[in-house]
1. In the calculated pair distance distribution of region 256-339, what percentage of Cα-Cα distances lie above 20 Å?
2. Sequence gap at least 6, Cα distance under 8 Å: using those rules, report the relative contact order of the chain to the nearest whole percent.
3. Apply 1/(1 + (r/R0)^6) to the Cβ-Cβ distance of Glu67 and Thr10, taking R0 = 56 Å, and write down the FRET efficiency to the nearest 0.05.
4. Sorting check: for 103-113, 311-321, which peptide has the highest mean count of neighbouring beta carbons within 10 Å, and how do the rest follow?
5. Which residue, Trp81, Val377, Ser187, has the largest displacement toward the positive end of the dipole of the chain when charges sit on each Cβ (Lys, Arg +1; Asp, Glu -1)?
6. For an R0 of 35 angstrom, estimate the FRET efficiency from the Cβ-Cβ distance between Tyr251 and Thr335 and round to the nearest 0.05.
7. Relative to the first principal axis of the alpha-carbon coordinates of the chain, what is the inclination of helix 47-64, with its axis defined by its Cα atoms, in degrees from 0 to 90 and to the nearest 10?
8. When the Debye formula is applied to the Cα atoms of region 161-253, each taken as the same point scatterer, what base-10 log of I(q)/I(0) results at q = 0.12, 0.19, 0.26 Å⁻¹?
Amino acid sequence: MAPDTLASLTNRPMKRGRKFLNTPGPTNIPARVQNAMHRDTMDLSDPEFIEAAVASLGMLKRVFQTEGEILPYISNGHGAWEAALVNTLAPGDVALVPETGHFSGSWSDMAQALGIEIRTVPGSWRRALDPEAVGQALADDTAREIKAVLLVQTDTGTSITSDVKAVREAMNRSGHPALLLCDTIASLGTIDYRMDEWGVDVTIAASQKGLMMAPGLGFVAANEKAIAVHQKCPNPKRYWDWTPRMKGPGYRTFCGTAPQLHIFGLREGLTCLFEEGLERVFQRHRVLAEATWKAVDTWAGAGAVELNALEPSERSHGVTTILVPEGTDAEQIRTVCRDEMMVGIGGGLGQLGGKAFRIGHMGDMNAPMLYAALGAVESTLDYLNIPYTPGGVTAAVQHISAFKKANSPTTF
Ligand SMILES: *Cc1c(COP(=O)(O)O)cnc(C)c1O
């Protein structure tokens, strides 16, 4: 090596140690899931692949809690959104969108771009949506123009979870025949979800959040009612079309070459979920979320930062949105965490851009990983001279410790 090359290598700011990921998607991928993807590609109809695909779709049914069809796509969540829309709604159809935050807005924008007419049920970004308001909007639609309700279970921008079952009950009371389409991208695999029992017609999900997989797979689950609507839906589509995909598993399931390695990863990620047990997975998410709220409530003692979600029972178990005071740039907190401490956290979205940051605690996450994120945030508040009451990390530790004392032994 030439001496000047060596000189250029020395005294550079160098990051050491482990990089942490606390964004609400993508989330950490367990090593065994990464390893499951590290393998050779194979013949399109190799029985080993078909077996992995069948097993994955079967396990997904149990996560969605449905007997309906699962339609996988090589896409992100936006692709799955589009797949749900173009198979059930045609240009000129009307959809009702209860406002929950940034993601109800983006989904609604997509529907509009596809020629679907939108009616909105206005909502607060600090509370869950009001199921009665959805029921009322449907009852007011005496001409029965609304074809579908586009509902987001957990809006990742606000960190608020709405009550899907209560929305369905309100819809039923109105006697309105609209389909219920539900986005569970940020909630599936973190909290209970019962597609069939609750009466959801179409569910949308993606691989990179609670399912602990790499980004790149989108999922739609459809019940009989949704498939019947789909079969009469006249708008043109090919890649997204459910009908050829339902003849699987095989080449047509993915409208072309399957994402083979992703499917092996998906099977491993879902196996991890079932090995831990869904009830325990949900409990772990709840306790980590509560610990995060304890930390933020402690910092909030100084009157600067605070939790966005006002009502504890409505708070997401997978992500926490934290508001910063006027005059503070939340992006700066995120940048310091990422670039100086190697802890990735989320930024504020939509109208919360620059006004909030988000700590993800979903997927492959345990208590020490959460403490790393909380510790990075607490030290960033200090470093940037943002008023905070110290002890947030300790409050989180004590919350989890109390849980462990009552439920010993725990695995997180
Ligand atoms: C992440 C997310 C999306 C978007 O998913 P992409 O994979 O980024 O397209 C949509 N809805 C919700 C609720 C999300 O959390």
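Derivation of every value follows stated rules applied to the coordinates shown; laboratory data play no part. Just so it is clear, the model here is predicted, and its values are computed rather than measured. Every residue, glycine among them, receives a Cβ derived from its backbone with ideal geometry; neighbour counts consider all protein chains shown.
1. On the way: 1941 of 3486 pairs.
Tail of P(r) above 20 Å: 56 percent of Cα pairs.
2. Working: 825 pairs, mean separation 90.1, N = 412.
Once divided by the residue count of the chain, the mean separation gives 22 percent.
3. Values: r = 63 Å, r/R0 = 1.13.
Calculated value: 0.35.
4. On the way: 103-113: 18.9, 311-321: 22.0.
Result, highest mean first: 311-321, 103-113.
5. Val377
6. On the way: r = 45 Å, r/R0 = 1.28.
Result of the calculation: an efficiency of 0.20.
7. For 47-64 against the chain, the angle is about 90 degrees.
8. Per q value, in the given order, log10 I(q)/I(0) is -0.45, -1.04, -1.35.
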